[in-house]
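Each remark here refers to the structure printed beneath this line.
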Amino acid sequence: MDFTLSSLMRRRGKNAALIVVYVLIVSLLGSVMFFTHALRREATAVLSESPEIVVQRMTAGRHDLMPASYADGIRKIKGVAEVTPRLWGYYYDQLFGSNYTIMVPSDFRYGAGEIAVGEGVTRAAVTAEGNLMPFFGSNGKMTPFKIREVLPVETELISSDLILMSGQDFRALFSLEKDLFTDIAVSVRNPQEVLTVAGKIRSLFPDTRPILRDEIIRTYDAVFDWRSGILLVIFSGALLAFIIFSWDKASGLSPEERREIGILKATGWETSDIIQMKFWEGIMISGTSFLVGLILAYLHVFFASASLFEPVIKGWSVIYPKFRLIPFVSAYQVATLFFVTVVPYTVATIIPSWKAAVTDPDEVMRN
Amino acid sequence: MIYLENIRKVFNQGRPNELIAVDGASLSIESSKVTVLKGPSGSGKTTLLSLIGCMARPTSGRVRLNERDISGLPERFLTAVRRETFGFIFQQFNLIKGLTTLENVMLPSYPSGKKYDLLRDRAMDLLNLFSLGHKAASKTEWLSGGEAQRAAIARALINNPPVIIADEPTAHLDTKLSREFMEIMAGLHREGRTIIIASHDLIVYDSDLVDTVIEMRDGRVENVG
């Protein structure tokens, strides 16, 4: 081990350059992996709280408003636990060129003319808690709303562009009649019966579209897989360059290295001693790079909000959420990264040394 | 005693560039004596030295160390014999660049598995013996020719081998350093070690120290005297 360390220190510049490139590759690959997994996990966690079925009304293939009477009809279906008509929509802020999502929570705790907004909204509209925020209604009239609360940063993944207000204000703003809702959330007693209930809703109200929670989760998974795939394609160039670089470095021994192996053998080192030394050399370089790369990827994703490639993966339309993902690293992810980066490098280092070490030392020295 | 029986060493056998380096050499080398393999370049001295020192296997023939046939030993055992029996001094000293003099001297002892402190103390003793203690931390590329030569001898002695093998050790040394080398060999001879040197340097084979001169030409042993 002492000799291995001294040996590595001799080629300080070369090894340092190799480690820098290696760290970069591991941290990029690790970041993509951590980020997509954490996002997917977060999205799944958020969606797991959502209702099993969301029922939308369709007119001419477009999402239409839902009459309150539909909720009463659905409530009568056997197996339905809870039916909640919901009000939500989008608002385009002409002043700041931003799109907001406006929702009416069933337990909105503030009064008329008051709203709660996401962090992204305060950034986009350059405002803060306590300020008045102007809204232009569908009748063209301007109504100011007082910001009573800025939603906690922890929820920013889903609340960044969110504005919460009372049902009364929502209806006034969008000139919505009293018995119309955006859609209906339905929860089912027995998860096994979700499909059956959805079918009954569809036959009772043929102009509706029941959307299942599992379908949404699958769509999210596909989207994140697709996006991480795009990133991996982008980075595959860098990965390929690294593979060529490490293969070139590791697979061909320089005449100097061959001579050294010859000297070691001539002075009494066994082939296994030399392979062991080369193995430790490879492990020191790849292990150090792997650990540093992994830590950098972790910091990048969970502390710096993956600032390098968030536009690709998060893909918000106008307002990008600024949030910290809940750190989550699985052994499976680490093992995958390890096998993709450390194992090939170590093998590529050992094979040529083994080839040089199995020949007679005098031949190695003569060459 | 080291016995060589009808030794033949062929490089690149069966290829167009086949080379017969040693052709039917038979001789015996006495323990605790100084033997010189003498002959022009390409006469097979270095190859014969490699075969004696277990650095290569003969294509045919036998090498016996005392009564043990070592020419057919598997690589692992051959390495152990090489480590425990022989200390090598190479033509260009073959010190590893970038490592300190101390590390170079310690190199052959690493596989022995002894404690690092013990090995370091032994290496320091040898360096002090050859007046190189102050150069222990110096990189070997900074050593002068004489210092590099003494460092190479110290390295050959680290495992305390009974046989010292030197291949053209004075080829790159001036007369003063060549004589200095022979004085060191005389000291090792007095300690009872067997010394085998391949050389065509007059200072070496004409030295009073030498007991036997084996003359070689074209891979064959011409004369033993």
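The values are calculated or read from the model by the stated rules, or taken from the named source; none is laboratory data. In this text, all values refer to a predicted model and were calculated from it rather than measured experimentally. Note: ideal-geometry Cβ built from the backbone for every residue, glycine included; neighbour counts use all protein chains shown. Only protein heavy atoms, including side chains, enter the accessible area calculation; ligands, DNA and RNA are left aside. Shrake-Rupley method; radii C 1.70, N 1.55, O 1.52, S 1.80 Å.
Anything in the stretch A:94-111 that is touching a helix residue (DSSP H, G or I) at 6+ places or on another chain (Cβ under 6 Å) and either at pLDDT below 85 or not in a strand (DSSP E or B) (or both)? List them, or say none.
A:Phe96
Within the stretch A:248-367, which helices (runs of 4 or more DSSP H) (wholly inside it) include 3 or more residues that are within 14 Å of chain B (Cβ to nearest Cβ) and either in contact with a helix residue (DSSP H, G or I) (Cβ under 8 Å, 6 or more places away or on another chain) or modelled with pLDDT under 85 (or both)? I'd like the intermediate steps shown before the answer.
Working: elements: A:255-266, A:271-302, A:310-313, A:331-358, A:361-366.
In the stretch A:248-367, A:255-266, A:271-302, A:331-358, A:361-366 are the helices (runs of 4 or more DSSP H) which contain 3 or more residues that are within 14 Å of chain B (Cβ to nearest Cβ) and either in contact with a helix residue (DSSP H, G or I) (Cβ under 8 Å, 6 or more places away or on another chain) or modelled with pLDDT under 85 (or both).
Looking at this structure, is B:Asn94 under 23 Å from B:Pro169 (Cα atoms) and either more than 10 Å from chain A (Cβ to nearest Cβ) or not hydroxyl-bearing (Ser, Thr, Tyr) (or both)? Talk me through it step by step, then tell me what you get.
Values: under 23 Å from B:Pro169 (Cα atoms): yes; either more than 10 Å from chain A (Cβ to nearest Cβ) or not hydroxyl-bearing (Ser, Thr, Tyr) (or both): yes.
Criteria met by B:Asn94.
Just to be sure I understand, how many residues within the stretch A:65-90 are free of Cβ contacts under 8 Å to residues at least 24 places away in the same chain and closer than 23 Å to A:Phe170 by Cβ?
Going through the stretch A:65-90 one residue at a time, the tally reaches 3.
Across the stretch A:1-52, what is the number of residues that are outside any helix (DSSP H, G or I) and within 14 Å of another protein chain (Cβ to nearest Cβ)?
Filtering the stretch A:1-52 down to residues outside any helix (DSSP H, G or I) leaves A:1, A:11, A:49-52.
With the extra rule that they be within 14 Å of another protein chain (Cβ to nearest Cβ), the set shrinks to A:1, A:11.
So the count comes out to 2.
Taking only the stretch B:80-134 into account, find how many residues are among the basic types (Lys, Arg), farther than 21 Å from B:Arg150 by Cβ and in contact with a strand residue (DSSP E or B) (Cβ under 9 Å, 6 or more places away or on another chain).
As a first pass, look at the stretch B:80-134 and keep what is among the basic types (Lys, Arg): B:82-83, B:97, B:114-115, B:120, B:122.
Among the residues that remain, those that are also farther than 21 Å from B:Arg150 by Cβ are: B:82-83, B:114-115.
Restricting the remaining residues to those that are in contact with a strand residue (DSSP E or B) (Cβ under 9 Å, 6 or more places away or on another chain) gives B:82.
Of the residues in the stretch B:80-134, 1 are among the basic types (Lys, Arg), farther than 21 Å from B:Arg150 by Cβ and in contact with a strand residue (DSSP E or B) (Cβ under 9 Å, 6 or more places away or on another chain).
Could you please find all residues in the stretch B:150-164 being outside any helix (DSSP H, G or I) and more than 10 Å from every other protein chain (Cβ to nearest Cβ)? Reasoning before the result, please.
Going through the stretch B:150-164, the residues outside any helix (DSSP H, G or I) turn out to be B:158-164.
Across the stretch B:150-164, the qualifying residues are B:Asn160, B:Pro162, B:Val163, B:Ile164.
I need a count of the residues in the stretch B:117-156 that are of a type in the set (Lys, Arg) and under 17 Å from B:Gly87 (Cα atoms).
Within the stretch B:117-156, the subset of a type in the set (Lys, Arg) is B:120, B:122, B:135, B:139, B:150, B:155.
Now restrict to residues that are under 17 Å from B:Gly87 (Cα atoms): B:122, B:150, B:155.
Result for the stretch B:117-156: 3.
Would you be able to say whether some residue in the stretch A:50-58 is in contact (Cβ under 8 Å) with a residue 40 or more places away in the chain and under 30 Å from A:Ala304 (Cβ atoms)? Please lay out each step first, then the result.
Step one: of the stretch A:50-58, the residues in contact (Cβ under 8 Å) with a residue 40 or more places away in the chain are A:50-58.
Checking which are under 30 Å from A:Ala304 (Cβ atoms) leaves us with A:50.
Within the stretch A:50-58, one or more residues are in contact (Cβ under 8 Å) with a residue 40 or more places away in the chain and under 30 Å from A:Ala304 (Cβ atoms).
Considering only residues that are over 17 Å from A:Ala304 (Cβ atoms) and touching a residue at least 40 places away in the same chain (Cβ under 8 Å), which ones fall in the stretch A:15-36? Outline the logic, then answer.
Kept after step one, since they are over 17 Å from A:Ala304 (Cβ atoms), are these residues of the stretch A:15-36: A:15-22, A:25.
Listed by number, the residues that qualify are A:Asn15, A:Leu18, A:Ile19, A:Val21, A:Tyr22, A:Ile25.
Kindly state which strands (runs of 3 or more DSSP E) lie completely within the stretch A:131-204 and contain at least 2 residues that are surrounded by 14 or more Cβ atoms within 10 Å (Cβ to Cβ) and within 32 Å of the chain's Cα centre (by Cα).
Numbers: elements: A:132-136, A:142-150, A:162-164, A:183-188.
The qualifying strands (runs of 3 or more DSSP E) are A:142-150, A:162-164, A:183-188.
Hey, can you tell me all the residues within the stretch A:123-136 that are at pLDDT below 90 and either among the hydroxyl-bearing types (Ser, Thr, Tyr) or within 21 Å of A:Leu87 (Cα to Cα) (or both)?
Across the stretch A:123-136, the qualifying residue is only A:Thr127.
If B:Gly87 satisfies every condition in (1) assigned to a helix (DSSP H, G or I); (2) open to solvent by less than 70 Å² (accessible area, probe 1.4 Å); (3) in contact with a Leu (Cβ under 8 Å, 6 or more places away or on another chain); (4) within 14 Å of chain A (Cβ to nearest Cβ) but one, which is the exception?
So B:Gly87 meets the others, but not (1).
Keeping to the stretch B:163-176, report how many residues are open to solvent by 60 Å² or more (accessible area, probe 1.4 Å) and under 23 Å from B:Arg120 (Cβ atoms).
Restricting attention to the stretch B:163-176, the residues satisfying the condition of being open to solvent by 60 Å² or more (accessible area, probe 1.4 Å) are B:172, B:174-176.
Cutting the leftovers down to under 23 Å from B:Arg120 (Cβ atoms) gives us none.
Total satisfying the criteria: 0.
If the requirement is being closer than 19 Å to B:Val221 by Cβ and touching a Pro at 6+ places or on another chain (Cβ under 7 Å), which of these qualifies: B:Ser71, B:Ser43? Before you say what the answer is, go through the steps one by one.
Details: B:Ser43 fails: touching a Pro at 6+ places or on another chain (Cβ under 7 Å).
Selected residue: B:Ser71, the only one of B:Ser71, B:Ser43 that is closer than 19 Å to B:Val221 by Cβ and touching a Pro at 6+ places or on another chain (Cβ under 7 Å).
Tell me which residues, restricted to the stretch B:200-215, are open to solvent by less than 20 Å² (accessible area, probe 1.4 Å) and modelled with pLDDT under 90.
Of the stretch B:200-215, the ones open to solvent by less than 20 Å² (accessible area, probe 1.4 Å) are B:204, B:214.
Within the stretch B:200-215, just B:Val204 meets the criteria.
For the stretch A:60-80, name all the residues that are in a strand (DSSP E or B) and open to solvent by less than 60 Å² (accessible area, probe 1.4 Å). Talk me through it step by step, then tell me what you get.
The initial filter retains those residues of the stretch A:60-80 that are in a strand (DSSP E or B), namely A:62-64, A:66-67, A:80.
Hits for the stretch A:60-80 are A:Asp64, A:Met66, A:Pro67, A:Val80.
Of the numbered conditions (1) exposed (fewer than 14 other Cβ atoms within 10 Å of the Cβ); (2) touching a residue at least 24 places away in the same chain (Cβ under 8 Å); (3) at the interface with chain A (Cβ under 10 Å from one of its Cβ atoms), B:Leu78 fails exactly one; give the number of that condition.
(1)
Away from chain A (no Cβ under 12 Å), more than 18 Å from the chain's Cα centre (by Cα) and open to solvent by 40 Å² or more (accessible area, probe 1.4 Å): which single residue out of B:Asp69, B:Asp23 fits that description? Let's see the steps before the verdict.
Values: B:Asp23 fails: open to solvent by 40 Å² or more (accessible area, probe 1.4 Å).
Step by step, each of B:Asp69, B:Asp23 is checked, and only B:Asp69 is away from chain A (no Cβ under 12 Å), more than 18 Å from the chain's Cα centre (by Cα) and open to solvent by 40 Å² or more (accessible area, probe 1.4 Å).
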